[in-house]
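So the structure is just underneath, and the comments pick up after that.
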Amino acid sequence: MSARVTVVDLGLGNLGSVMQALVRAGGEPRLSADAVEIGRSARVVLPGVAAFGLGMDRAQRLGLRAALDRALQRHAPVLGICLGMQILFEEGEEDGLRQGLGFLPGRVTRLPAGVQVPHIGWQRLETTAPSPLLTEAAAPWAYFANSYRCEAAADVTQAVADHSGVRIAAVVGRANVHGVQFHPEKSARGGEALLARFLRLPEALP
């Protein structure tokens, strides 16, 4: 039986490719911009391709903080992808200093001097801590397209990538909140395997 998962519709970016990738990984995705439905979801994926400020504007309009609170209280796994990962943090400096959703400790800052911006391309992940999204075998290659990074606390960082000598948080997590800076929907077999592991996490309580 396919794993039920709600994809949050912020109207930003890669929704179609994320939905298709979840189907390939064994999911039964449903797109929603309804806070009540998101709060009742078995699992939640929060994608997005845009600036931090615009992402938070859309999230606040939807009532996403309260919706995710309800989902997490029911032990629903939540996965943020790219911008979706970034707005799970406490604050971001894109579009001026803005408050994030605050589910993970840390802040989102522009990639430093010396790193090509935007940073686009394939990189091999380096596992730094156990993650239910990664295997104990060699960490996968992943496709990145980002101009900002999450300065994540060490206790939530589970894998990093090297951007021209700058190590950035690539996979993060705490309890049922997970995030990936890269695009698993564009990361071939490694990305599909990561999504499949997310879909195998226990779904929310009724």
Exercise for the section: Filter the range 2-29 down to the residues that are of a type in the set (A, V, I, L, M, F, W, C) and part of a helix (DSSP H, G or I), then identify the one that is modelled with the lowest pLDDT. Expected result: L15
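Determine whether the range 162-173 contains at least one residue that is of a type outside the set (G, A, S) and assigned to a loop (DSSP other than H, G, I, E, B).
Of the range 162-173, the ones of a type outside the set (G, A, S) are 162-163, 166-168, 171-172.
Retained after the next criterion (residues that are assigned to a loop (DSSP other than H, G, I, E, B)): none.
The answer is no; no qualifying residue exists.
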Exercise for the section: Under 9 Å between Cβ atoms, at least 6 apart or on separate chains: pull out the pairs that start in the range 189-204 with a residue that is among the β-branched types (V, I, T) and end on any residue that is assigned to a helix (DSSP H, G or I). Expected result: none
Practice task
Quickly run through the range 1-22 and pick out the residues that are surrounded by 13 or more Cβ atoms within 10 Å (Cβ to Cβ) and among the hydrophobic types (A, V, I, L, M, F, W, C).
Solution key: A3, V5, V7, V8, L10, L12, L15, V18, M19, A21, L22
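Does the range 176-188 contain any residue that is aromatic (F, W, Y), assigned to a strand (DSSP E or B) and within 17 Å of the chain's Cα centre (by Cα)? Spell out the reasoning first.
Quick first cut of the range 176-188, residues aromatic (F, W, Y) only: 182.
Now narrow it down to the ones that are assigned to a strand (DSSP E or B): none.
Checked the range 176-188: no residue is aromatic (F, W, Y), assigned to a strand (DSSP E or B) and within 17 Å of the chain's Cα centre (by Cα).
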Problem - Filter result (among the polar types (S, T, N, Q) and either under 16 Å from I81 (Cα atoms) or crowded, with 17+ Cβ neighbours inside 10 Å (or both)) within the range 96-127 - result: Q123, T127
Problem - The lone exception for Q181 - which of (1) within 16 Å of E90 (Cα to Cα); (2) without any contact (Cβ under 8 Å) to a residue 60 or more places away in the chain it fails - result: (2)
Exercise for the section: Considering only residues that are charged (D, E, K, R), out of contact with any Pro (no Cβ under 7 Å at 6 or more places or on another chain) and not in a loop (DSSP other than H, G, I, E, B), look in the range 81-121 and name the one that is farthest from D69 (Cα to Cα). Expected result: R110
Problem - The listed residue being modelled with pLDDT of 95 or more and closer than 20 Å to E28 by Cα, out of R174, R149, R189, R197 - result: R197
Fill in the blank from the handout: Of the candidates A145, A161, A67, A152, the one satisfying the condition of being touching a residue at least 24 places away in the same chain (Cβ under 8 Å), surrounded by 23 or more Cβ atoms within 10 Å (Cβ to Cβ) and within 21 Å of V18 (Cα to Cα) is A67
Exercise for the section: Looking at (1) touching a helix residue (DSSP H, G or I) at 6+ places or on another chain (Cβ under 9 Å); (2) modelled with pLDDT under 95, find the lone condition where S32 falls short. Expected result: (2)
Problem - Complete set of residues in the range 39-60 that are outside any helix (DSSP H, G or I), surrounded by 18 or more Cβ atoms within 10 Å (Cβ to Cβ) and either free of Cβ contacts under 8 Å to residues at least 12 places away in the same chain or charged (D, E, K, R) (or both) - result: R43
Practice task
Within the range 70-80, work out how many residues are surrounded by 15 or more Cβ atoms within 10 Å (Cβ to Cβ) and outside any loop (DSSP other than H, G, I, E, B).
Solution key: 6
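The values are calculated or read from the model by the stated rules, or taken from the named source; none is laboratory data. What you see is a predicted model, and the numbers here were worked out from it, not measured in a lab. Counting neighbours? That spans all protein chains shown, and the Cβs are built from the backbone with ideal geometry, glycine included.
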